[in-house]
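Okay, so here's the structure we're looking at.
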Amino acid sequence: MNPNAFLAEQVKFVAGLVSTTPNSTVPLYASMKGYTKLTAVITVINEAAGVTGSDITLHQATSRAGANEKELSFDMVLANLEAGSTDTLVETEVADDTFTTDATASAQAVYVLEVKDTDLDTNGGFDCVRVGTGDAAATVIGVTYILWPAKYGGAELPSAMSD
């Protein structure tokens with residue numbers, strides 16, 4: 001990373017899910033064709049009462065439209081369950097390739113997942129990734145993908161929004 005350049009000149013930011021209460025919501029896919037890593041930042045804001053957590057998963061596909069979608073295995077997430085008062089991320093084990101967001105009323109949380117291009121079934125043509133969100137109540141979730149570093153140099157970063 002070059003500290004003399006803007007971050008947006010070195011990484012690609014993609015809105016996977018604009019903040020919403022998940023209810024049959026399907027976050028967008030990002031193409032990793034031009035990148036080595038994808039970092040998914042999941043933000044959660046819980047309301048005062050009636051909060052249910054959202055089950056978070058990872059998926060891979062052979063196109064941004066979700067062709068041949070299948071689960072993507074992961075066993076760890078970085079979690080900050082007190083995002084309103086601290087910036088500390090804690091490595092947290094994940095069971096069965098899923099975790100549920102915290103359901104504490106009036107709380108804010110941040111979760112970070114990292115995917116390497118080598119985690120994907122590249123032999124099967126899989127190069128697109130998305131976060132999966134389960135239905136939830138009284139909670140708002142947003143997903144931002146950060147793709148980095150670019151595999152190939154050039155004047156512009158490769159698009160993560162095209163196949």
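The values are calculated or read from the model by the stated rules, or taken from the named source; none is laboratory data. Keep in mind it's a predicted model, so treat the numbers as computed, not measured. Backbone-built Cβ (ideal geometry, glycine too); neighbour counts: all protein chains shown.
Taking the stretch 104-133 as the search range and keeping residues that are more than 15 Å from the chain's Cα centre (by Cα) and outside any loop (DSSP other than H, G, I, E, B), which one is surrounded by the most Cβ atoms within 10 Å (Cβ to Cβ)?
Initial filter on the stretch 104-133 (more than 15 Å from the chain's Cα centre (by Cα)): 104-108, 118, 121-126.
Right, trim to outside any loop (DSSP other than H, G, I, E, B) and you get 108, 118, 122-124.
Working: Gln108: 17, Thr118: 8, Thr122: 12, Asn123: 6, Gly124: 11.
By that ranking, first place goes to Gln108.
Could you list, in sequence order, the residues of the stretch 69-86 that are surrounded by fewer than 16 Cβ atoms within 10 Å (Cβ to Cβ) and in a strand (DSSP E or B)?
Passing the criteria: Lys70, Glu71, Met76.
Looking only at the stretch 1-16, filter to residues that are of a type outside the set (Phe, Trp, Tyr) and assigned to a loop (DSSP other than H, G, I, E, B); which one of those is surrounded by the most Cβ atoms within 10 Å (Cβ to Cβ)? I'd like the intermediate steps shown before the answer.
Residues of the stretch 1-16 of a type outside the set (Phe, Trp, Tyr): 1-5, 7-12, 14-16.
Cutting the leftovers down to assigned to a loop (DSSP other than H, G, I, E, B) gives us 1-5, 10-11.
Numbers: Met1: 8, Asn2: 8, Pro3: 6, Asn4: 4, Ala5: 9, Gln10: 14, Val11: 18.
Top of the filtered list is Val11.
Could you please let me know if Thr88 is among the hydroxyl-bearing types (Ser, Thr, Tyr) and under 30 Å from Thr62 (Cβ atoms)?
Numbers: among the hydroxyl-bearing types (Ser, Thr, Tyr): yes; under 30 Å from Thr62 (Cβ atoms): no.
No; evaluated as a whole, the condition is false for this residue.
Looking for something farther than 20 Å from Pro27 by Cβ and modelled with pLDDT of 95 or more - is there at least one such residue anywhere in the stretch 128-147? Walk me through it before giving the result.
First, the residues of the stretch 128-147 that are farther than 20 Å from Pro27 by Cβ: none.
Checking the stretch 128-147: not a single residue is farther than 20 Å from Pro27 by Cβ and modelled with pLDDT of 95 or more.
From the set of residues in the stretch 58-68 that are hydrophobic (A, V, I, L, M, F, W, C) and surrounded by 15 or more Cβ atoms within 10 Å (Cβ to Cβ), which is farthest from Ser106 (Cα to Cα)?
Filtering first and then ranking leaves Ala61.
For residues that are in a loop (DSSP other than H, G, I, E, B) and either of a type in the set (Asp, Glu) or within 16 Å of Gly125 (Cα to Cα) (or both), tally how many sit in the stretch 87-103. Quick ask: steps written out before the conclusion?
Going residue by residue through the stretch 87-103, those that are in a loop (DSSP other than H, G, I, E, B) are 87-89, 94, 96-97, 101-103.
Okay, now just the ones that are also either of a type in the set (Asp, Glu) or within 16 Å of Gly125 (Cα to Cα) (or both), so 87, 96-97, 102.
Total satisfying the criteria: 4.
I'm trying to understand the selection: among the residues of the stretch 17-57, which are surrounded by 21 or more Cβ atoms within 10 Å (Cβ to Cβ) and either in contact with a Leu (Cβ under 6 Å, 6 or more places away or on another chain) or among the small types (Gly, Ala, Ser) (or both)?
Pro27, Ala30, Ser31, Met32, Tyr35, Leu38, Ala40, Ser54, listed by residue number.
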